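In what follows, a single structure is set out as structure tokens and then discussed.
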Amino acid sequence: MSAVFPTVREVLALEPVRHGAPRLVAGDAGLDRPVRWVHVAEVPDIATLLGGGELVLTTGIGLPADDTGLRAFIGDLADVGVSGLVVELGRRYLSGVPRVMAAAAERRGLPLVELRRATPFVRITEAVHALIVDAQLTELRATEEIHQRFTELSVEGAGPGEVVRQAAELSGCPVVLENLSRQVLAYDPAGESAELLLDGWEQHSRRIRPAGRTAYDTDSGWLVTMVGARGQDWGRLLLRWPGDGELTTRGPRRPPESGRDAPTGGARPGEPAAGAGTPDSPPTRLTILVERAASTLALGRLIRRDAEGLERQLHRTLLTALLDHSRPVDEVALRARALGVVLERRHLVGVVVRYRTDDPAGDGGHESAGEPGLAPGAPEAGPARLRDLAEAVGHAVREAKLTALTSALDDQAVGALLALPDASFEERALATFAAALRRTRPDAHVPRPAEPSRAAPGPDEETRGGGVPAPREASGVGGVPRGGAAPVRLVPSAAVVIAAGSGVGSLREARRSLVEARQIADAARRDRRDLPVFRLPNVGLAGLLHLLRDEPRVQTFVERELGALLAYDAQHPREQLLGTLRAYLEQGRNKSASAAAAHLSRPAFYERLARIGRILDVDLDSVDACLSLHVALLALDAIRTP
């Protein structure tokens, strides 16, 4: 991409100017100033009629005769921001311009050129203006190409990797797409070293903080624009514009201007001319390019989200129909087959995945990968968090090469009905699914960057040619997400619970497997073990109590054992002695360890234990009494679990 306006240096190289035998007298530091227009003037007060960026041609016949007047004339031109002054010798000045004029021009950095041979000014103005018009036409064509290219990408539904590649090709500059956690989603180094481009990317990116939605960071040399739509930004698109390098193969960019009074090439001093940019900013067409690329990325994400919406609804409808018997089983099988999920003559296993905590803020201030920027604990954080989990489950199903219906079951859990060829595949399929899920981190609020490769797949794109896998968002065959979320990330295995029900041989029994999986997941939430998949034998007493939580006799037992303490805590909310009792029982009645777990001094903890004993009228040193209280606590947790 070449600049719209030629520089003073380029004007001096034109044939009509060279015909006049030009000689630079002063101001060589300003030779790379852009020439917005050529103006012929023979009066000393011409500066008031100029707007900046003009190359002034004169014979000097109307210039002041005194040194003070000449200094003022040069100062006025420099103040208004003209590109340079060309004086034809022979009419006013015979052998050269006055020394005082040259000294003033040198002091102000204003290029001062003598034409030692008579030259028709009209030929110079025609040549320069033709150059400007031709450059502007080239600029318009380049801008049109940008719009046409990205319109085609939008229509074709191109993924982020392709959009980024096209942006790099059109600009000739490295381009990086990142999410709001500064994790690289896709990039193209434009022929440069990818290792150098991405080395320490997160730290480097966090130092790039331009002002505005689209802006150029002069310190780092990156042009940045936000990516998002509908008021939800989910990433940034960055283009590195080297201020002293070449932009593309279309033509070299002019070197940066220098001089304190260098004009900007705009219609007024200090303002950029259309398409030309300023010494401290890239050309306008690059800004257009990154904004069009960002809008293409945002539009592609919205299209994929909208396209998968109906499919996801169908998956949820079918799973719900199995759970509440709202549709005949044959109809569910027929509609599932139409979605590419064959459920007839398959070994079916219900799987439920849920977070161990219900409160989004309880996970360390979760920031949804699906809706970046949500404040922890915000009303939108819960649905976004569940959506992230659903996307992760769908991605794990695809990575494990399984067929399944997947959908959120309620506000806390995501269910999957795996359809396996026969029962012999059950354990292996569950292990593969669990391993795939643990390679994602739907709970993350500080993602770990995946190691990217050139044209790394973005949030809406699958892995290609050795790239880095990215999660898919839209439900595909088997309810598997296809893109639109943050990239695949590692997840602490304790963050979620994966539970599986007993395998069944027919679709009519699938409800039992799903219900069992949900009960196991709820019961396993407080289990400290980090099992890949929880099954019914793993949940033990807690699982039994969870299954019996609606039993009135269990509820009566809890009230009998803990009712007095619960009533006391209700009247003294700042003490919460139930937590003290829980710490004591969970630490095996080790008082020192319990005090540390409760973050209390031992004297304070002992005093609380004594108070609990008096309230409940029990001996907390008695094994039988403590066993009864511990069972009551487990039952209380089961009753309170949603």
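Taking the criterion of being at pLDDT below 90 and touching a strand residue (DSSP E or B) at 6+ places or on another chain (Cβ under 7 Å), the residues of segment 228-252 that qualify are GLY228, ASP233, TRP234, GLY235, TRP241.
Residue count for segment 53-72, restricted to those that are within 25 Å of PHE5 (Cα to Cα) and either surrounded by fewer than 22 Cβ atoms within 10 Å (Cβ to Cβ) or without any contact (Cβ under 8 Å) to a residue 40 or more places away in the chain (or both): 4. Among residues of segment 574-585 that are within 15 Å of VAL631 (Cα to Cα), those with a beta-carbon under 7 Å from a residue that is open to solvent by less than 10 Å² (accessible area, probe 1.4 Å) and small (Gly, Ala, Ser) at least six positions away or on a different chain give the pairs ALA583/SER594; TYR584/SER594. Here is a check on your reading of the model: is ALA597 under 30 Å from VAL539 (Cβ atoms) and buried (at least 17 other Cβ atoms within 10 Å of the Cβ)? Answer is yes for this residue. Evaluate the following for TYR584: is it surrounded by 20 or more Cβ atoms within 10 Å (Cβ to Cβ) and of a type in the set (Ser, Thr, Tyr)? For TYR584, the condition - surrounded by 20 or more Cβ atoms within 10 Å (Cβ to Cβ) and of a type in the set (Ser, Thr, Tyr) - is met. For segment 62-112, a residue qualifies if it is in contact with a Ser or Thr (Cβ under 7 Å, 6 or more places away or on another chain), charged (D, E, K, R) and modelled with pLDDT of 90 or more, and exactly one does: GLU88. The residues of segment 76-92 that are touching a helix residue (DSSP H, G or I) at 6+ places or on another chain (Cβ under 9 Å) and under 16 Å from LEU57 (Cα atoms), listed by number, are ASP76, LEU77, ALA78, VAL80, VAL82, SER83, GLY84, LEU85, VAL86, VAL87, GLU88. Among the residues making up segment 497-554, those that are among the acidic types (Asp, Glu), open to solvent by less than 40 Å² (accessible area, probe 1.4 Å) and under 26 Å from LEU629 (Cα atoms) are ASP522, ASP527. Take THR278 and decide whether it is at pLDDT 85 or above, of a type in the set (S, T, N, Q) and at negative phi. It is false that THR278 is at pLDDT 85 or above, of a type in the set (S, T, N, Q) and at negative phi. Scanning segment 323-353 for residues that are part of a helix (DSSP H, G or I) and either open to solvent by 10 Å² or more (accessible area, probe 1.4 Å) or among the acidic types (Asp, Glu) (or both) yields LEU323, ASP324, VAL329, ASP330, GLU331, LEU334, ARG335, ARG337, ALA338. Suppose we keep only residues that are in contact (Cβ under 8 Å) with a residue 12 or more places away in the chain and more than 11 Å from GLY84 (Cβ to Cβ) within segment 7-16. Which one would you say is surrounded by the most Cβ atoms within 10 Å (Cβ to Cβ)? Looking at the filtered set, the residue picked out is GLU10. The set of residues in segment 29-46 being open to solvent by 10 Å² or more (accessible area, probe 1.4 Å) and touching a Phe, Trp or Tyr at 6+ places or on another chain (Cβ under 8 Å) consists of ARG36, VAL40, PRO44. Could you list, ordered by first residue, the pairs with Cβ atoms under 7 Å in which the first is in segment 185-212 and in contact (Cβ under 8 Å) with a residue 40 or more places away in the chain and the second is open to solvent by 40 Å² or more (accessible area, probe 1.4 Å) and part of a helix (DSSP H, G or I), at least 6 apart or interchain? As it stands, the answer is ASP188/ARG165, since those pairs meet every condition given. Among the residues making up segment 383-409, those that are assigned to a helix (DSSP H, G or I) and among the β-branched types (Val, Ile, Thr) are VAL393, VAL397. Annotation for segment 606-626: at least one member residue is open to solvent by 50 Å² or more (accessible area, probe 1.4 Å) and on the phi > 0 side of the Ramachandran plot. Residues in segment 29-61 that are hydrophobic (A, V, I, L, M, F, W, C) and in contact with a Ser or Thr (Cβ under 8 Å, 6 or more places away or on another chain): ALA29, LEU31, VAL35, VAL38, VAL40, ALA41, LEU55, LEU57. Answer with yes or no whether ARG91 is without any contact (Cβ under 8 Å) to a residue 40 or more places away in the chain and open to solvent by 70 Å² or more (accessible area, probe 1.4 Å). Taking the combined requirement at face value, the residue satisfies it. The condition of being farther than 23 Å from HIS129 by Cα and out of contact with any strand residue (DSSP E or B) (no Cβ under 8 Å at 6 or more places or on another chain) does not hold for GLY81. Restricting segment 215-227 to residues that are closer than 19 Å to PRO160 by Cβ and open to solvent by less than 40 Å² (accessible area, probe 1.4 Å) leaves a set whose member that is modelled with the lowest pLDDT is VAL227.
The values are calculated or read from the model by the stated rules, or taken from the named source; none is laboratory data. The structure presented is a predicted model; accordingly, all values stated were derived computationally and were not measured. Here the Cβ is made from the backbone with ideal geometry for all residues, glycine too, and neighbour counts use every protein chain on show. All accessible areas refer to the heavy atoms of the entire protein, side chains included, with ligands and DNA or RNA removed. Shrake-Rupley method; radii C 1.70, N 1.55, O 1.52, S 1.80 Å.
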